[in-house]
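Everything on this sheet refers to the single structure shown next.
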Amino acid sequence: MAAITVENASRSFGGVQAVAGVSITLPAGAVTALVGPNGAGKTTLFNLITGNLRADSGDIRLDGAPILGLRPWQIARRGVARSFQDLRLFTHMTVRENVLAATETGSWFWQPGGRAARATREARVEKALERTGLARLAEERAIDLAYAERKFLSVARILAAEAEVWLLDEPTSGLDLASRRHFSGILREAAQQGKAICLIEHNLDVVVELADRIAFLDQGRVLAEGEPQAILRNPELAAIYFGDRPQAVEATP
Amino acid sequence: MIAYLANLATIVAIFGILASTLNVAIGHAGIFSVAHAVFFGLGAYAGAQTAMLLVPDPLLALLVAALIAGGLSLCLALPALRVRGEYFVAASLGLQMVATTLFSELKPLTGGIGGLVGIPRPELFGVTITALPLALATLALILLATHLLARGSFGRTLRAIRDAESAAEALGKHVAVAKTLAVAFACAGAGMAGALFAFHMAFVNVESFTLDQSVLVMAMVIVGGTGTLWGPLLGAALLLALPAGLSFLPFIPPTEVGAVQQILYGLAMTLLMIFRPAGLVGDLGRGKVAH
């Protein structure tokens, strides 16, 4: 089942067509990797799905329901979570507060549900901290964490939010091998639990290790979509990725 | 001497309310308003008019002042939803300038430059009282409210928005609602401080609600420690006690107290920002605000 369906979405900035008629599905229970050179439109596509940018045309649906035109907080409350390339942690809050804040979507003076709901939220926080190895750092401030720990905190927020769709922008960049394996394990586990996971990733080892499917983007278009090995073995795509662009590459449906 | 100290305590309590409520905007929500005196003024005029035209019931005056200042806080919330950082500072500066002019010109409501005189003393249940117990009780309520607000989910939401607004929104936070509520709370509190000020002084005019006053309240928050519970109150006490203390020093001529005070203010602010950037109550070790 496709959790996210993007149909023919386009977005331009002035004369630059950042996303040009992209159609893509992000199925539940699978890890999809968006691959492509810088400027291919990967992060813009994330921004369209999360409502940070509005598509000029096209349609975007979550479990069949249209989400185009909704505000980012409305889309988030429907179960779409994202991480950012620059992490955007709540730097002066503790690790626990960062994760707890992710479970509190009410923006008024109080949260609905009373003490029982609070206990449930706190249990989700503890579980996310344990799974990401951050429990021992729970009272540290985000700003004081090491880089890898910050990466794990960004995914701990999504874990605790219990989002159904995870959009992760370069989640493993800068991680050592052990941390990367730990991170990959969390993502695989989430996919097995039925989450739709989509990551923008430049490390092709990570892509091969983690992704069930790849969508190759270039100049705002999806050039190819399919099994990782098949996509990565395509010499024309490899040439684009490594900067040796051929004159014309046919888009495959 | 007792009357002098009671006067100083009342003023410290009133400015403690102002600084504590501004701290909600600055310290928690990251909204750097230089227009807090506008809402202080609105509350003062509303409280004074309530007492002069209706009854000098301080509870009614506080309520009216809070409602008017809180309601008109939308004038501040709207730019806060559109711009951040230095752009918002400029927008709030504009609001302060507009309000100061209106306070001077709207004579039927504010008395113009001459202000409102003859504000009756507050009467609670038929008994005439001073503003001191009212100010202390209101300060205690404001401190309790800010403490509860800061440690609860709303405080986390505000601090999340302050640290990374787009990430907060991506986690489902309704930024507009949270910012509007924070500004309304801060401005309603400033309005209550204004009503207390009107009762205490029995006279209000525009000179108490200018940009200088807004900057002074902001300095109280920064000196004490943004984002802390007790810092703004400590900042208010220090910055108000300083001129009082200087006036007792025999080697400073009374005519020079003002100039010496300005020099000391400037020096103290500079040294504080170098050695304790998080303020007196802020976390020293990390140079960051404590929550």
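Readers should treat all values here as calculations from the given coordinates under stated rules, not as data from a laboratory. This is a predicted model, so every value here is computed, not measured. Neighbour counts run over all protein chains shown; Cβ positions are idealised from the backbone, glycine included.
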Give me log10 I(q)/I(0) at q = 0.13 Å⁻¹ for the stretch A:1-63, Debye formula, one equal scatterer per alpha-carbon, no solvent.
-0.32
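Can you put A:Ile197, B:Ile252 in order of Cβ neighbours within 10 angstrom, beginning with the fewest?
Details: A:Ile197 28, B:Ile252 14.
Ordered from fewest to most neighbouring Cβ atoms within 10 Å, A:Ile197, B:Ile252 come out as B:Ile252, A:Ile197.
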Measure of compaction for the stretch B:202-256 (Cα Rg per 2.2 N^0.38 Å):
1.37
What distance in nm separates the simple spin-label points at A:Ala230 and A:Trp110, each placed 7 Å from Cα in the Cβ direction?
5.6 nm
Here, B:Trp230 and B:Ile2, labelled 7 Å along Cα→Cβ, have an inter-label distance in nm of 2.8 nm
Using alpha-carbon positions, what is the distance between the centroids of the stretch A:12-32 and the stretch B:1-67, in Å?
53 Å
Rank B:Ala195, B:Ala35, B:Ala168 by how far each Cα sits towards the positive end of the charge dipole of the protein assembly as shown (+1 on Lys, Arg Cβ; -1 on Asp, Glu Cβ) and give me just the farthest.
B:Ala195
Hey, can you rank A:154-166, B:88-100, A:210-222 by average C-beta count inside 10 Å, highest first?
A:154-166, A:210-222, B:88-100
Output the DSSP H helices from chain A with an along-axis C-alpha extent of no less than 30 Å and a mean Kyte-Doolittle hydropathy no less than -1.0.
none
How many times 2.2 N^0.38 Å is the alpha carbon radius of gyration of chain A?
1.02
Calculated FRET efficiency, B:Arg276 and A:Lys127, Cβ-Cβ r, R0 45 Å, to nearest 0.05?
0.70
Once the Cα gyration tensor of the stretch A:104-253 is found, what semi-axes does its equivalent ellipsoid get, as square roots of 5 times the eigenvalues, in whole Å, sorted largest first?
36, 18, 13
Relative contact order for chain A, counting Cα pairs under 8 Å that sit 6 or more residues apart, in percent
28 percent
Assign unit charges at the C-beta atoms only (+1 for Lys and Arg, -1 for Asp and Glu), then state the dipole size of the stretch A:88-162 relative to its Cα centre in Debye, rounded to the nearest 20.
140 debye
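So if I average 1/r over every pair of distinct C-alpha atoms in the protein assembly as shown and take the inverse, what Kirkwood radius in Å does that give? Walk me through the numbers on the way to the answer.
Details: mean 1/r = 0.0385 Å⁻¹.
Hydrodynamic radius (Kirkwood, Cα only) of the protein assembly as shown equals 25.9 Å.
Hey, could you get me the Stokes-Einstein D for the stretch B:2-210, Kirkwood radius over alpha-carbon pairs, 37 °C and 0.692 mPa s, rounded to whole µm² s⁻¹? Write down the numbers at each step before the final one.
On the way: Rh = 17.2 Å.
D, rounded to a whole number, is 191 µm²/s.
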Neighbour-count order for B:His36, B:His28, A:His202, fewest beta carbons within 10 angstrom listed first
A:His202, B:His28, B:His36
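Mind sorting B:Val215, B:Val12 by how few other Cβ atoms lie within 10 Å of their own Cβ, fewest first? If you can, show how the numbers build up before the last one.
Values: B:Val215 14, B:Val12 22.
Fewest-to-most Cβ neighbours within 10 Å comes out as B:Val215, B:Val12.
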Taking the Cα centre of chain A as the origin and placing charges on Cβ (Lys, Arg +1; Asp, Glu -1), which of A:Leu167, A:Thr44, A:Ala81 is farthest toward the positive end of the dipole?
A:Ala81
Among A:Val95, A:Leu199, B:Ala237, which residue has its Cα positioned farthest towards the positive end of the charge dipole of the protein assembly as shown, with +1 placed on the Cβ of Lys and Arg, -1 on the Cβ of Asp and Glu, and the dipole taken about the Cα centre?
B:Ala237
What is the spin-label model distance, in nm, from B:Phe251 to B:Ile129 if the labels are put 7 Å beyond Cα along the C-beta direction?
4.5 nm
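Can you pick out the pairs among A:Lys42/A:Lys127; A:Lys42/B:Lys179; A:Lys127/A:Lys195; A:Lys42/B:Lys173 whose Cα atoms lie more than 26 Å from each other?
Table pairs above 26 Å Cα-Cα are A:Lys42/A:Lys127; A:Lys42/B:Lys179.
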Debye, to nearest 20: dipole size of the protein assembly as shown, +1 on Lys, Arg Cβ, -1 on Asp, Glu Cβ
700 debye
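Suppose every Lys and Arg Cβ carries +1 and every Asp and Glu Cβ carries -1, with no other charges. What dipole size does the stretch B:156-291 come out with about its Cα centre, to the nearest 20 debye?
Details: 8 positive and 7 negative charges, 105 e Å.
It comes to approximately 500 debye.
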At 0.890 mPa s and 25 °C, Stokes D of the stretch A:88-162 from Kirkwood alpha-carbon radius, µm² per second:
200 µm²/s
Here the residues of the stretch A:1-27 lying in the modelled label zone of A:Arg54, meaning backbone nitrogen under 16 Å from a point 7 Å along Cα-to-Cβ, are A:10-14
Most fluctuating of B:Val38, B:Val24, B:Val257 in the GNM of chain B (C-alpha, under 10 Å) is B:Val257
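What FRET efficiency, computed as 1/(1 + (r/R0)^6) with R0 = 30 Å and r the Cβ-Cβ distance, is obtained for A:Arg136 and A:Arg78, rounded to the nearest 0.05? Numbers along the way, then the final one.
Values: r = 33 Å, r/R0 = 1.11.
Efficiency at R0 = 30 Å is approximately 0.35.
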Alpha carbon centroid spacing (whole Å) that separates the stretch A:138-209 from the stretch B:169-190:
30 Å
